[in-house]
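What follows is a set of notes on a single structure, which appears directly below.
All of the numbers you see were taken from the coordinates with simple rules; none came from a lab. All of these numbers come straight from a predicted model, not from anything done at the bench. All Cβ positions, even for glycine, are placed from backbone atoms using ideal geometry, and neighbour counts span all protein chains on display.
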Amino acid sequence: MKRFWNEYQKEIADDHFFYERSCIRQTFFAGSEATFLRILREELGKDICDNPHQHTCTGIGYHSDVVPFETTMTVVARLFSLMTECGYKNYVPSCVTSFGVFTEVMAKWAENPALKEQARQYLWDACQREFEVPENIVHSSDLIYKFREELKPRMRYQLVNRFTGRPLKVVEHIGCHYAKIFPHHGIGKAEFPYVLAGMIESWGGEVIDYPERRHCCGFGFRQYLVQENRGYSIANTKKKFESMEPYEPDFILTNCPGCAMFMDKWQYTIAEMEHKTYDQRGYGIPVLTYEELTGLLLGYDPWQLGLQLHQVQCERLMEKIGIAYKPEEKYLGVGGKLLPTPLKPEILKQ
Amino acid sequence: MKKVAIIGAGPAGIEAASLLAAQGVDAVLYEKEQQPLHNLTDKAFLFPNFADAQEVAEKILAKLNTPGLTLKADTEVTQLQPQAASNGWLVNGEAFDAVLLTSGYTTFDAHRKEELGYGIYPGIHTSLEMEKMLREGKVVNTIGEMPRRIAFLQCVGSRDEKVGNHYCSKLCCVTAVKQAIEVKKLMPQCEVYVFYMDLRMWGQHFEELYRQAQTDYGIKFIRGRISEAGGTFDRKVQIKAEDTLMGRPLKLTVDLFVLMVGMEASRGTRNLGALAGIAGEYGFAQSVDPHIADNLTAQNGLFVAGSCKRPMTLTDSLTDARSAAFEVLKQLLEN
């Protein structure tokens, strides 16, 4: 079916990137960012800087109305100053919320140059640093999308069910701040973003188009951060799962830290609260980040990717694809020490 | 004998050409399609009195038989050039004393509102497609059964900053009311919803029709825009909206979702308006003055009538065409 904006592309630099990590991804999806850097450097031969002095973008606080815009733009200015200091011009945040914060700050500076000068002054007053605005800013999923065809011949696996020979059915979920704030910053724009769908289609899978495809994952900052509001959060997530359930997805692919976390973890909570799981056999629907998926298809060790840290376990998915893995190494720690095995939930099977 | 080219054989073109021919003018009527009046012959019934569109069309088409009127169908005008020496115009290589532009409108391409799912999900139709179903007396859902719930959405491609059309298309409000009533006449048990920004019942009997839709047919009018539509697993359409009177978000699953597409300048209007130097806002043709010289243009000997200027009803187009014919005759006599 023809989609008007499907072909919409944005400018993505070819090389020499300054990477900015997410605040929460290294906790919940511990291998994703390291995998991204490995793919860029080892598979694609790109130059990407991972500066140890980086810090939060304030996104969570900013969207929770506890950090004012002036503070946010000064913090953003400091991150840009790190990029400038390292000699880079292409900025690549790992987090969709950060990507939204940067594009918003840059848009405000473009519309009101006095604000940019104010940020320069604040930054100088605070730490005597200077910055340049990036020439190119893209989300890290944009880079994997851009190089998806280049990566394809290097992949050991495809998104095909080896038992049936049919494409895997994949739900893709895009973080709200990727394109809903500034549609022209998203591949495919806001209605039918193509950044993850493009990866899925290129690598042999089939994208599921379900009614609540664009709905929020349930993170929504204040919905979750204020404990009394968490009912809103899980209600949103539940709505999405109810909507995708009839299509029997094999897994969910996301490009946002919060989305991956909430769509993964809330499956356990819903199972405990309502005795409900969203696959027919009670195992839940695995949720992957795009780095994890790319790494899996490239043949990386799933435990190095951090899949054992997921709430919904991925072994059944790996078996469907035919990915070789060693169950005995799942909880192997650094130095070969076997870590304690986590308790298994009663309702959500593992 | 004076010779006038009329470009576009819609209601305005046929009406003006027949009047000019009846007054002894050699009226040559150009039409790029094979059949004239196609924007009317594809309708079922006309608002506000549910007149049979085919009967009305036949009456208008009969005027093509006026002696002195020559129809050149399947002929696109590609040359429209003033001739300083003769004070006339050259149309496709033929000399004329005057030209009347009646190249009309086209409907908004609903694919451009991607969030509304047209062309992406089954069960989503334009108002033109609904009109066709009504004309055939058969309105069915995606699996060929009688629909149980239908939603109409107003202002698709009009009053919409996002697509660049700020203007009101004028006809869609009453057309939705008319189509909703026709649906209820055909299938009284079907639930019908109309989503609107504000209903503009400006014409004679329009307001009565709107009231009748609510009191006699139980059609539900909801003030609010639909933000997105998506296909469901059972081939229905899920729509999300905000009921702005209730101040609440709303989600509804319907069998059919009908987009009331607005009017835009036709390709011919855009091209010829630009060619002749009379292109106005949104690609429509520009008259000299909307109050006192609405059929005259900045170009001597070039006249405009009907919906090539702005969205117009059939009635308004016909009236405007008569006015234009009079202006053309006046200039021919003066020359």
- Dividing the alpha-carbon radius of gyration of region A:229-350 by 2.2 N^0.38 Å, where N counts its residues, gives 1.08
- In the protein assembly as shown the DSSP beta bridges are antiparallel at a rate, in percent to nearest 5, of 35 percent
- Note on the structure: One checks the Cα atoms of region A:49-109 and finds Rg and Dmax, in Å, of 11.2, 33
- Task: Let me know the Kirkwood hydrodynamic radius for region A:142-336, please, with Cα pairs as the basis and the value in Å to one decimal.
- Result: 17.3 Å
- Task: Would you please name the trypsin sites (Lys or Arg not before Pro) within region B:131-215 that are DSSP coil residues with at most 15 other C-beta atoms within 10 Å of their C-beta?
- Result: B:138, B:148
- A student asked for the Cα radius of gyration and Dmax of chain B in angstrom ought to give 21.4, 68
- Stretch in chain A that is longest and holds no chymotrypsin sites (Phe, Trp or Tyr not before Pro) that DSSP places in a loop and that have at most 14 other beta carbons within 10 Å: A:164-330
- What does the charge dipole of the protein assembly as shown about its Cα centre add up to, to the nearest 20 debye, if the Cβ of each Lys and Arg holds +1 and the Cβ of each Asp and Glu holds -1? 1160 debye
- Task: Using only the alpha carbons, work out the radius of gyration and Dmax of region A:178-228 in angstrom.
- Result: 13.8, 42
- Query: Near residue B:303, within a Cβ-to-Cβ distance under 15 Å, what is the net charge of the other residues, with Lys and Arg +1 and Asp and Glu -1?
  - Reply: -2
- Mind pulling up the Rg/Rh value for chain A? Radius of gyration and Kirkwood radius, both on Cα. 0.96
- Dimensionless Rg/Rh of region B:91-187, both radii on Cα and Rh by Kirkwood, sits at 1.10
- Only helices at least 20 Å long along their axis, Cα-based, and averaging -0.5 or more on Kyte-Doolittle count here, so list those DSSP H runs from chain B. B:172-186, B:314-334
- Query: Hey, fewest Cβ within 10 Å first, where do A:10, B:59, B:43 land in order?
  - Reply: B:59, A:10, B:43
- Does anyone have the angle between helix A:69-86 and the longest principal axis of chain A? Alpha-carbon axes, 0 to 90°, nearest 10? 90 degrees
- Task: Express the C-alpha Rg of the protein assembly as shown as a ratio against the empirical globular expectation 2.2 N^0.38 Å, rounded to two decimals.
- Result: 1.19
- Note on the structure: Eigenvalues of the alpha-carbon gyration tensor of region A:1-152, times 5 and square-rooted, give semi-axes in Å, largest first, of 27, 18, 16
- With the radius of gyration and the Kirkwood radius both derived from the Cα set of region B:110-262, what is their ratio Rg to Rh? 0.93
- Under the rule that a partner needs its Cβ under 4.7 Å from the first Cβ, which Cys of chain A have none? A:23, A:49, A:57, A:86, A:95, A:127, A:176, A:216, A:314
- Among the lysines in region A:142-336, how many pairs, 8 or more places apart or on different chains, have alpha carbons under 17 Å apart? 11
- Message: Show me, bin by bin at 10 Å from 0, the whole-percent P(r) of region B:1-91 based on Cα pairs.
- Response: 17, 42, 29, 10, 2, 0
